[in-house]
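So the structure is just underneath, and the comments pick up after that.
The values are calculated or read from the model by the stated rules, or taken from the named source; none is laboratory data. Everything numeric in this text was worked out from a predicted model, so none of it was measured. Note that each Cβ is placed from the backbone with ideal geometry, even for glycine, and that neighbours are counted across all protein chains shown.
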Amino acid sequence: MMDAPLTLTYTDAQLRRQLAIATRLLNAETILDYSGHISVRAPGRDALFIQHGTDPRSDVVPERMLLVDFDGHVLEGAPGKPPIELPIHTEILKARPDVQAVLHCHMELAFLFTMMDGMQLLPMRARATRWQSGIPTHADPSHIKYPAQGKALAATLGPHHAALIRSHGLVLVAESVPALAVDAIHFQENAHAQMQVLQAGCRPVPLTPAEIEQIVAHEVRDYHIGKLWRYYIQKARRSGDLPPGWDAED
Ligand SMILES: [Zn+2]
């Protein structure tokens with residue numbers, strides 16, 4: 001089931017800023033590293049904002065974000081190229097009008113579950129209710145360089161909020177950049193919890209449908225996202241991962 005589309009009122013400048021903040025936060029949380037990227041849909045256009053492929057994730061700035069159309073043409077931004085795996089973003093945004101922001105990363109803790117015989121990544125922690133519809137695995141481990149590959153990945157993702165890519169990484173989708181960043185942190189926490197259960201030699205006992213229903217009944221997603229977005233911004237500011245003056249509310 002898909003979320004209802006949100007009516008976003010962010011300006012291009014705000015979206016560029018959110019992308020830069022989220023990229024630095026996720027780099028600080030070791031979810032992004034020398035590769036991986038976030039995109040956000042450009043309001044009212046068949047285009048997205050994304051960083052340069054070779055810019056260090058630790059140092060991205062709003063002014064260098066590229067505006068790229070769904071055919072891969074750079075429309076605005078500092079000279080340079082988008083990431084090679086751009087078709088992940090263009091094809092998912094084309095296929096999913098309910099999605100505003102896409103993360104692709106190589107989170108080992110998550111894709112290790114594509115290497116385990118008979119084991120799947122399961123909703124273990126309370127915030128993993130986000131993925132209650134399932135986390136499909138894309139069977140092709142190749143880097144996604146061409147639109148046909150991106151389309152195939154979008155088909156694997158289907159209506160879900162996450163998909164693993166066999167021996168390679170994952171995609172997450174959300175209704176905004178802050179929501180995507182918070183989801184990514186919870187995705188990693190959930191994979192970590194399941195791995196710890198396995199490493200303890202125990203059988204994972206995921207949340208049951210009844211437990212998920214109980215949790216979801218009391219969740220206020222927007223409140224939670226706002227709270228964690230501010231928390232991680234403050235944490236990154238204190239550690240020096242974000243420059244002073246980069247504000248959550250800008
Ligand atoms: Zn990749």
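The figures follow:
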| quantity | calculated |
| --- | --- |
| Selection count, region 189-225, where residues are in a loop (DSSP other than H, G, I, E, B) and either of a type outside the set (Lys, Arg) or in contact (Cβ under 8 Å) with a residue 12 or more places away in the chain (or both) | 11 |
| Number of the condition not met by residue 160 [criteria: (1) surrounded by fewer than 16 Cβ atoms within 10 Å (Cβ to Cβ); (2) touching a residue at least 12 places away in the same chain (Cβ under 8 Å)] | (1) |
| Close pairs from region 99-118: first under 17 Å from residue 139 (Cβ atoms), partner in a strand (DSSP E or B) and away from the ligand (no atom under 15 Å from the Cβ), Cβ under 9 Å, at least 6 apart | none |
| Pick from region 139-169, criterion over 24 Å from residue 209 (Cα atoms) and in contact with a strand residue (DSSP E or B) (Cβ under 7 Å, 6 or more places away or on another chain), ranking: nearest to the ligand (Cβ to nearest atom) | 169 |
| Test: residue in region 214-237 that is surrounded by 12 or more Cβ atoms within 10 Å (Cβ to Cβ) and more than 24 Å from the chain's Cα centre (by Cα) | yes |
| Residue match in region 13-33 (condition: assigned to a strand (DSSP E or B) and of a type in the set (A, V, I, L, M, F, W, C)) | no |
| Residue in region 13-23 that is within 16 Å of the ligand (Cβ to nearest atom), crowded, with 16+ Cβ neighbours inside 10 Å and not charged (D, E, K, R) present | yes |
| Top-ranked residue of region 34-47 - restricted to ones that are part of a loop (DSSP other than H, G, I, E, B) and under 14 Å from residue 102 (Cα atoms), ranked as farthest from the ligand (Cβ to nearest atom) | 42 |
| Condition check for residue 129: within 15 Å of the ligand (Cβ to nearest atom) and either of a type in the set (Val, Ile, Thr) or at pLDDT below 95 (or both) | no |
| Filter result for residue 183 (away from the ligand (no atom under 16 Å from the Cβ), of a type in the set (Asp, Glu) and crowded, with 16+ Cβ neighbours inside 10 Å) | yes |
